[in-house]
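Reading through the C-alpha cells given below for one structure.
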Amino acid sequence: MAGFGNKYIKKHDEKSQACHDGNGDAKASYKKALDCHLKGSLKSAEKEYRKAIKLGLLEPGIYSNLGLICKNSGRINEAILLFKKAISISPEHPDAYANLGLIYKNLGDFEQAICLTLESYKLKPLDPLILMNLGGIYQDLGRLDQALEFTLKSLNLKQDNSIALGNLGSIFKQLGRFDEALSSTLKSLELEPKNHNTLLNLGVIYTGLDKLDQALECTIQSLEIKPDNPDALMNLAVIYRKIGSPDRALPPILKYSELKPNNHLALLTLAGIYIDLGELDDALIYALKSFDLNPKNHTTCLVLGNIYRDLGRLDQAIFFTHKSLELNSDNSNAHMNLALIYKTIGSFDKALASILSSLDINPSNSNAYASLGNIYSYLKDYDKAIHAYKKAFEYNPSIENECRARLGFPYIVDHVDEVSILRSEYMENARSIFDSKKEKTVSNFLNLGLFMLPYQNGKDDKQFLEELGKLVSPWLQVSESQGSEDTEIIQHQESQLFAAGAQRVGFYFDNTHSGHVVFRHYFNIVKSCHESGLEVVIIKGPNASNQDCAELEKHSTCVTQISSNLENSVKILKNLSLQVLVYTEIFSSPVPYCLAHNKIAATQVVLPGNLITTGIPNVDYFISSEYMETNDSHKLYSEKLIQLKGMPHGITDISLATCNGNRSNFNLPEGAQIFGLLHNPIKFHPDWDQLLEKIAQLDSNSIFLLTGKNTKPHGLLVERLKKNAPTFLSQCRSFTRMGIVDYFHLLSCVDVVLDPIHVGCGTTSIDALSMGIPIISKPEDVPRTQIVQGLYKLMDIKEAPIARSDSEYVYWCDKMSRTRTEYRNLSQKIKSRFARVSNENKKSTVQLVKAIKSWMV
C-alpha cells in the first residue's frame with residue numbers, strides 16, 4: 001500500500017512533533033491508528049485516524065492512510081477527497097499523488113492518473129512502486145514502449161516484485177513477444193504461486209503461444225482460487241472454443257454473462273459458441289443483443305453477416321457485412337466474408353472483387369487465398385485456383401491448404417496421355433502429404449480434388465482409390481473418444497425427434513435444390529423410404545446450407561445440417577443412430593468422401609452419382625443396375641455390388657417431356673440436322689475429338705449444340721477443338737447454362753443426341769429418350785458408358801443406334817442424317833415405350849427400399 005510503512009511513520013512523526021507539540025492526544029491517536037492499520041484492524045485504525053483529525057492534527061499521512069482504507073472498502077469519492085486533503089497539507093507528499101493516481105486509473109480516467117503519478121514520480125524518482133504504477137497506466141493508455149521502460153526501471157530497483165513481473169509479462173504479450181511474456185510471468189508465479197491474476201495472464205500467454213493444454217490448466221487453477229472472476233471465465237470459454245469444445249465453452253461464458261449481464265463482447269462470444277454448436281437461431285439472438293448494446297462494433301456486424309449468410313438470409317447478410325465495412329473498411333476478413341456471400345448468390349464478379357480487396361489489405365491472408373481458390377474452382381478455372389491454393393499454403397502450411405495446392409485434376413486435358421501422368425503425380429503427392437510419420441491433426445474436411453476422376457476413363461480407378469483410401473483413412477477417421485461430453489446433449493435433442501427403436505435411414509445430399517440432377521434422380525427413393533414407414537433423415541452438406549429442401553423435408557422425419565468441421569459433423573451424425581446411411585454422391589465435394597471413411601452407420605451405401613467405386617473400406621454397398629453391369633463388373637468395385645432390376649434412380653416422370661421445340665427461338669435453321677451435345681464440357685474426352693471431326697465432315701450442314709458458354713472449361717475445350725476438330729467446331733452453336741424449362745425447349749429442337757465416349761450421359765439420356773430423341777452410344781466395359789444401352793434394353797428396342805466401334809459410331813451419325821423414315825420410326829418407338837423405363841424405375845425403387853430394410857435387421 002503506497003504511503004504506508006515504518007519509514008513513512010518515523011518521518012511524519014518528527015514533522016508532527018515540530019508542528020504540534022501541544023497536541024499529545026492527537027499524536028497518540030495517530031500512533032494507535034498506525035499500529036492498528038499495520039495489524040490489519042482497519043475499523044479500529046479508521047476510528048483513531050478520524051479521532052486524530054477531529055483533534056486537529058494536520059498530518060498528511062493521516063488523510064492518505066485513511067484514504068487507503070476508504071478506497072479499499074469501496075468508498076471511492078471519500079477516498080479522493082482525503083487524498084486531495086493530504087496533498088493540500090503537503091504538496092510534496094508523493095504517496096498521496098500515487099494513491100490518487102491509482103484511483104483514477106481504476107476509474108478509467110487515465111489522463112488524470114498519469115498526471116498525478118508523474119507528480120509522484122518527480123518527488124520519488126527511484127520508488128519501484130511508483131515506477132510500476134507509471135508502467136501500468138502507460139499500458140492502459142496503449143503507450144507500450146513507455147510502459148515497458150518504467151516497468152523495467154521498477155524491476156531494476158526491486159527484482160522480486162511479483163506484481164511488476166506480472167505486468168511486464170502482460171506488456172510483452174501485448175507487444176507480441178510471447179516468449180519473453182512467458183518468462184516474466186513464470187517468474188512472477190514463482191514468487192506468488194497462488195495469485196489468480198498471474199495464473200490468468202499465464203493462461204492468456206499460453207493461448208497466444210497455441211499451447212492450449214497449459215493455457216487450460218492455468219486458467220482452471222485461477223478459477224479455483226477465484227471462481228467468480230469474469231475475465232478468467234471469459235478466457236476459459238475462449239480456450240475451449242480453440243480446442244474445438246464449444247459445449248464446454250458454454251457454461252463459463254453463461255456464468256460470465258450472469259456476473260456482467262450487459263457486456264456486449266461476452267454476448268458476442270456467446271453467439272460465436274452457438275455458431276460452433278450449429279445453433280444459429282440462438283447465435284442470432286445473442287449477436288443481436290450485442291449489436292443493440294454497441295451498434296458501432298464492426299466485429300459484431302461481421303458476425304451477424306456470417307450468421308445471416310449461414311441461415312440463408314442473404315439480404316441481411318450483405319447489409320450487416322457492408323455495415324461492418326462502413327465501420328472498418330480495412331478489415332480484410334469482412335471483405336472475404338462479403339465475397340463468400342456474393343459467391344453463394346452467384347455474383348462471381350463481385351465475389352472476386354471483394355476477395356481481391358481483402359488481399360489488398362492483407363496480402364498474407366491464407367484464408368483469403370483459400371477462398372479465392374474456391375471461387376476459381378467453382379468457375380472451373382483450374383490454373384488460377386491452384387495458384388491461389390499454393391499462396392494459401394505458402395502463408396499457412398496446413399494440411400488442408402497442402403491438399404488443395406497439390407492434389408487435384410484439371411477440368412480439361414489436351415491429350416489422353418496426360419491422364420496417366422497426372423494420376424502418377426497425384427499419388428506421389430498424396431504419399432508425401434499423408435506420410436504415416438506425420439502427426440495426424442485434421443478437424444476440417446480435406447479437399448482431395450477427386451471430382452474429375454470419374455471423367456478420365458482411367459483403367460485403374462479401383463486400384464487408385466483403394467491406395468488413396470489407405471493413405472487418408474487414418475487422417476479422416478474421427479476417434480470415438482472425441483466429443484464424449486456433448487454426446488448426451490445431442491442424443492437428448494434427437495430423442496425428441498425419433499421414436500424409440502425405429503428403423504432409421506439417412507440420405508446425404510450435397511445439393512438439395514429441386515432442379516439439381518441429384519434431387520431428380522433420388523427424390524423418389526427418399527419418398528418411398530418415408531412412405532414405407534422408415535424414419536428418414538436428410539443430411540445437408542455445407543454446400544446445401546442455403547438451399548431450400550422443402551420437398552425433401554416433407555418426406556423425412558428431420559433435416560440435419562452439418563458444418564464444414566469434420567469432427568463435429570461425424571459426432572452429430574453418429575448420434576443420429578442411423579442403421580443405414582446412403583450417400584447420393586461421393587466425389588461431388590470433399591464432404592461425403594471424408595465422412596464415408598467413418599463408420600457412421602452399421603451399413604453404408606453409395607448411389608451411382610459418380611459411377612466409379614469409392615475405394616473406401618467403410619462403404620459396404622454400391623448400387624447399380626443389371627442393365628449397366630457385365631459379368632465381371634464386380635471386379636471394378638471395392639464395395640459389394642447391388643444390381644437392381646431397373647435403373648438405379650427414382651426418376652419416374654418427366655413433367656416437361658412434351659415440350660415442342662421452336663428452333664426459331666434459338667436461331668436454329670429448320671431444315672438442318674441438329675446433334676445435341678448438351679453435356680458438361682468436362683465430359684468431352686480428347687478421344688472424342690477425332691470422331692466428332694469425322695461426323696462433321698460428312699455433312700457440312702449439320703449443327704452441333706454445346707452448352708457451358710462463357711465458362712472456363714468451355715473456353716479450354718474450344719481451344720482444344722481448334723487444334724483437334726476445326727470442322728466440328730465451325731459447325732457448333734454454344735449456349736450459356738440455362739434453367740430447366742429453357743433447357744427442355746432447347747433439347748426438343750435436337751434430332752439426335754450423341755453419348756460422350758468413355759463417360760456416357762446420365763440425366764440427359766432420360767430427358768432425351770422421354771422426348772423420343774434417339775441417342776447414339778458406344779458402350780464399353782465400364783458401367784458409366786452403358787446407361788443408354790441399358791435404357792434401350794429396358795424399352796426392348798433392338799434396332800437402337802448402339803456402336804461397337806469408332807467407325808460404327810460415325811456410321812450411325814451419318815445414317816440418322818440420311819434415313820429420315822427410319823429415324824422417325826425409331827423416335828416414335830422410343831416415345832411410345834418410354835413408360836417402361838418409368839415402370840422399371842418404380843420397381844427398382846421398391847427393390848432398393850426392401851434392401852435398405854433388410855440391412856437394418
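The values are calculated or read from the model by the stated rules, or taken from the named source; none is laboratory data. Predicted model, so just to flag it, every value in this text is computed and none were measured. As a convention, Cβ positions derive from the backbone with ideal geometry for all residues, glycine included, and neighbour counts pool all protein chains shown. Please note that ligands, DNA and RNA were not included when accessible areas were found on the heavy atoms of the full protein model with its side chains. Shrake-Rupley method; radii C 1.70, N 1.55, O 1.52, S 1.80 Å.
Which residue out of Glu780, Glu808, Glu799, Glu822 is more than 17 Å from Leu705 (Cβ to Cβ), modelled with pLDDT under 90 and among the acidic types (Asp, Glu)?
Exactly one residue qualifies, and that residue is Glu822.
Does the stretch 324-346 contain at least one residue that is farther than 22 Å from Gln547 by Cα, surrounded by 22 or more Cβ atoms within 10 Å (Cβ to Cβ), at pLDDT 95 or above and over 19 Å from the mean Cα position of the chain (by Cα)?
Among the residues of the stretch 324-346, at least one is farther than 22 Å from Gln547 by Cα, surrounded by 22 or more Cβ atoms within 10 Å (Cβ to Cβ), at pLDDT 95 or above and over 19 Å from the mean Cα position of the chain (by Cα), which makes the answer yes.
Okay, residues lined up against (1) at pLDDT 95 or above; (2) more than 23 Å from Glu279 (Cα to Cα):
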{"residue": "Ser545", "(1), (2)": "no, no"}
{"residue": "Thr560", "(1), (2)": "no, no"}
{"residue": "Val570", "(1), (2)": "no, no"}
{"residue": "Tyr593", "(1), (2)": "yes, yes"}
{"residue": "Ala596", "(1), (2)": "yes, yes"}
{"residue": "Phe622", "(1), (2)": "yes, yes"}
{"residue": "Glu626", "(1), (2)": "no, yes"}
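Does Tyr274 meet the test of being outside the structural domain of Lys540 (by the TED database), touching an Asp or Glu at 6+ places or on another chain (Cβ under 6 Å), over 27 Å from Ala392 (Cα atoms) and open to solvent by 20 Å² or more (accessible area, probe 1.4 Å)?
Details: outside the structural domain of Lys540 (by the TED database): yes; touching an Asp or Glu at 6+ places or on another chain (Cβ under 6 Å): yes; over 27 Å from Ala392 (Cα atoms): yes; open to solvent by 20 Å² or more (accessible area, probe 1.4 Å): yes.
Judged against the criteria, Tyr274 is a match.
Mind counting the residues in the stretch 83-103 that are open to solvent by 20 Å² or more (accessible area, probe 1.4 Å) and among the aliphatic types (A, V, I, L, M)?
3
When you check Lys124 against the structure, is it within 23 Å of Leu38 (Cβ to Cβ), open to solvent by 60 Å² or more (accessible area, probe 1.4 Å) and either over 57 Å from the mean Cα position of the chain (by Cα) or at pLDDT below 90 (or both), yes or no?
yes
Conditions first: (1) more than 30 Å from Asp461 (Cα to Cα); (2) touching a strand residue (DSSP E or B) at 6+ places or on another chain (Cβ under 8 Å); (3) in a helix (DSSP H, G or I). Val750 passes all but one, so which condition is the exception?
Only one criterion in (1) more than 30 Å from Asp461 (Cα to Cα); (2) touching a strand residue (DSSP E or B) at 6+ places or on another chain (Cβ under 8 Å); (3) in a helix (DSSP H, G or I) is unmet by Val750, namely (3).
Which pairs do you get when a residue that is free of Cβ contacts under 8 Å to residues at least 60 places away in the same chain and within 18 Å of Glu626 (Cα to Cα), found in the stretch 832-846, comes within reach of a residue that is open to solvent by less than 60 Å² (accessible area, probe 1.4 Å) and assigned to a helix (DSSP H, G or I), reach meaning Cβ atoms under 8 angstrom, with the pair 6+ apart or on two chains?
Arg836/Leu794
Name the helices (runs of 4 or more DSSP H) wholly within the stretch 758-857 that hold at least 3 residues that are surrounded by 18 or more Cβ atoms within 10 Å (Cβ to Cβ), touching a helix residue (DSSP H, G or I) at 6+ places or on another chain (Cβ under 7 Å) and of a type in the set (Gly, Ala, Ser)?
The qualifying helices (runs of 4 or more DSSP H) are 763-770.
Being under 40 Å from the mean Cα position of the chain (by Cα) and open to solvent by less than 20 Å² (accessible area, probe 1.4 Å), is that true of even one residue in the stretch 720-741?
So far as the stretch 720-741 goes, yes, one or more of its residues are under 40 Å from the mean Cα position of the chain (by Cα) and open to solvent by less than 20 Å² (accessible area, probe 1.4 Å).
Starting from the stretch 152-165, take each residue that is farther than 16 Å from Leu191 by Cβ and list its partners that are crowded, with 18+ Cβ neighbours inside 10 Å, counting only C-beta distances under 7 angstrom and pairs at least six apart or across chains.
Listed by first residue and then by second, the contacts come to Lys153/Leu131.
Assess whether Val606 counts as being modelled with pLDDT of 85 or more and farther than 30 Å from Thr711 by Cβ.
no
Within the stretch 376-417, work out how many residues are more than 15 Å from the chain's Cα centre (by Cα), within 23 Å of Ile341 (Cα to Cα) and open to solvent by less than 30 Å² (accessible area, probe 1.4 Å).
Qualifying residue count for the region: 6.
For the stretch 805-816, check the following and say yes or no: at least one residue is within 26 Å of Leu717 (Cα to Cα) and of a type in the set (Val, Ile, Thr).
yes
State yes or no: is Lys71 at pLDDT below 90, open to solvent by 50 Å² or more (accessible area, probe 1.4 Å) and either touching a Phe, Trp or Tyr at 6+ places or on another chain (Cβ under 9 Å) or not assigned by the TED database to the domain that holds Gln159 (or both)?
Here the answer is no, as Lys71 does not meet what is asked.
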